[in-house]
Amino acid sequence: MHAMKLSAALLALLLPLGGCKLVPTDKPAAETAEARTDEARMAAYADENWSEKVLPVIAEHTVDYAKLRQALAASVESAGDEYGLRPEGEANPWNFVVSGEGQVTEAKLDSRAAKMQVDMNGDGKPDVTLQIGPIIRGTALRDAMPFIVFTDFRDQIEFAKLARAMNEKAHAELDVPEGDVVGKTVAFTGVFTLRSVDEQPEIVPTAIEVKP
């Protein structure tokens with residue numbers, strides 16, 4: 001008799017569970033946006049915006065390198081107003097998206113900070129540096145994007161990590177040249193920050209092609 005009562009009691013407890021459905025979450029908690037590191041979130045931001053936002057800005061604002069040099073020689077501010085991009089505030093330097101081609105005078109492609117020096121005017125001397133990466137200096141690519149606003153991010157640390165993520169994305173999208181490229185012609189599109197008209201631009205390429 002007692003056994004029958006016990007079985008009935010257990011059945012009563014178990015019946016409500018029959019109507020319950022366990023729904024698995026899409027991702028473990030460790031993979032949610034809140035739990036991701038700054039580096040992971042900024043990398044995801046760069047990935048998500050590259051095709052829809054970054055590349056259209058590049059396409060819209062690209063100017064021939066030789067044409068930009070002529071404009072800069074006439075007036076930096078006029079060249080900036082016509083071709084430049086920069087965050088709000090006149091104290092910020094101009095960033096330019098340029099395209100062109102020249103002869104490789106020096107290359108260091110077996111480094112994490114791979115670079116190429118390029119002669120753009122045929123005098124045999126390097127005029128620009130192409131930062132191949134994956135380690136790329138500067139914030140030109142981030143600062144040239146009108147849709148990226150500092151106040152949309154948590155702090156300077158997160159904003160700095162965004163610049164790095166943008167540079168790493170640019171490297172990942174490149175068809176990175178291999179072998180001995182010195183003496184060959186390279187065509188490129190990329191972004192650089194103008195610190196001084198006399199300073200050799202360090203360009204972050206978004207497209208690069210070494211011609212045979």
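Have a look at GLU106, GLU178, GLU168 and point out the one that is among the charged types (D, E, K, R), in contact with a Pro (Cβ under 8 Å, 6 or more places away or on another chain) and not in a strand (DSSP E or B).
GLU168 is the lone residue from the list that is among the charged types (D, E, K, R), in contact with a Pro (Cβ under 8 Å, 6 or more places away or on another chain) and not in a strand (DSSP E or B).
What number of residues within the stretch 105-127 satisfy the criterion of being surrounded by fewer than 21 Cβ atoms within 10 Å (Cβ to Cβ) and of a type in the set (A, V, I, L, M)?
4
Please tell me if ASN95 is surrounded by 19 or more Cβ atoms within 10 Å (Cβ to Cβ) and among the polar types (S, T, N, Q).
yes
Which ones in the stretch 121-150 are more than 22 Å from ALA187 (Cβ to Cβ) and in contact with a His (Cβ under 8 Å, 6 or more places away or on another chain)?
none
Considering each of ALA144, ALA165 in turn, give the residue that is surrounded by 20 or more Cβ atoms within 10 Å (Cβ to Cβ), of a type in the set (A, V, I, L, M) and in contact with a strand residue (DSSP E or B) (Cβ under 8 Å, 6 or more places away or on another chain). Walk me through it before giving the result.
On the way: ALA165 fails: in contact with a strand residue (DSSP E or B) (Cβ under 8 Å, 6 or more places away or on another chain).
Checking each option against the conditions leaves just ALA144.
Just to be sure before I move on: is ILE132 over 22 Å from LYS67 (Cβ atoms), touching a residue at least 60 places away in the same chain (Cβ under 8 Å) and in a loop (DSSP other than H, G, I, E, B) in the structure I sent?
no
Applying the selection to the stretch 186-201, what residues are surrounded by 12 or more Cβ atoms within 10 Å (Cβ to Cβ), farther than 14 Å from PRO126 by Cβ and polar (S, T, N, Q)?
Listed by number, the residues that qualify are THR189, THR193.
Considering every residue within the stretch 162-185, establish whether at least one is at pLDDT 95 or above, more than 12 Å from the chain's Cα centre (by Cα) and under 18 Å from SER111 (Cα atoms).
Yes; the residues of the stretch 162-185 include at least one that is at pLDDT 95 or above, more than 12 Å from the chain's Cα centre (by Cα) and under 18 Å from SER111 (Cα atoms).
For the subset of the stretch 57-88 comprising residues that are within 22 Å of the chain's Cα centre (by Cα) and not in a helix (DSSP H, G or I), which member is surrounded by the fewest Cβ atoms within 10 Å (Cβ to Cβ)?
Step by step, filter the stretch 57-88, then rank; the result is GLU88.
Find all pairs meeting these conditions: Cβ atoms under 8 angstrom apart; at least six residues apart or on different chains; first residue within the stretch 109-124 and at negative phi and in a loop (DSSP other than H, G, I, E, B); second residue acidic (Asp, Glu) and surrounded by fewer than 12 Cβ atoms within 10 Å (Cβ to Cβ).
Qualifying pairs under 8 Å: LEU109/GLU178.
Would you tally the residues in the stretch 181-200 being in a loop (DSSP other than H, G, I, E, B) and either in contact with an Asp or Glu (Cβ under 8 Å, 6 or more places away or on another chain) or among the acidic types (Asp, Glu) (or both)? Spell out the reasoning first.
Taking the stretch 181-200 as the starting set, the residues that turn out to be in a loop (DSSP other than H, G, I, E, B) are 181-184, 194-200.
After this cut, where a residue has to be either in contact with an Asp or Glu (Cβ under 8 Å, 6 or more places away or on another chain) or among the acidic types (Asp, Glu) (or both) as well, the list is 182, 198-200.
Counting residues in the stretch 181-200 that are in a loop (DSSP other than H, G, I, E, B) and either in contact with an Asp or Glu (Cβ under 8 Å, 6 or more places away or on another chain) or among the acidic types (Asp, Glu) (or both) gives 4.
Does GLY138 meet the test of being under 29 Å from PRO87 (Cβ atoms) and either without any contact (Cβ under 8 Å) to a residue 12 or more places away in the chain or not in a loop (DSSP other than H, G, I, E, B) (or both)? It would help to see each step written out before you state the result.
Values: under 29 Å from PRO87 (Cβ atoms): yes; either without any contact (Cβ under 8 Å) to a residue 12 or more places away in the chain or not in a loop (DSSP other than H, G, I, E, B) (or both): no.
No; evaluated as a whole, the condition is false for this residue.
The values are calculated or read from the model by the stated rules, or taken from the named source; none is laboratory data. Note that the structure is predicted; figures quoted are calculated from it, not measured. Cβ atoms come from the backbone with ideal geometry, glycine included; neighbour counts cover every protein chain shown.
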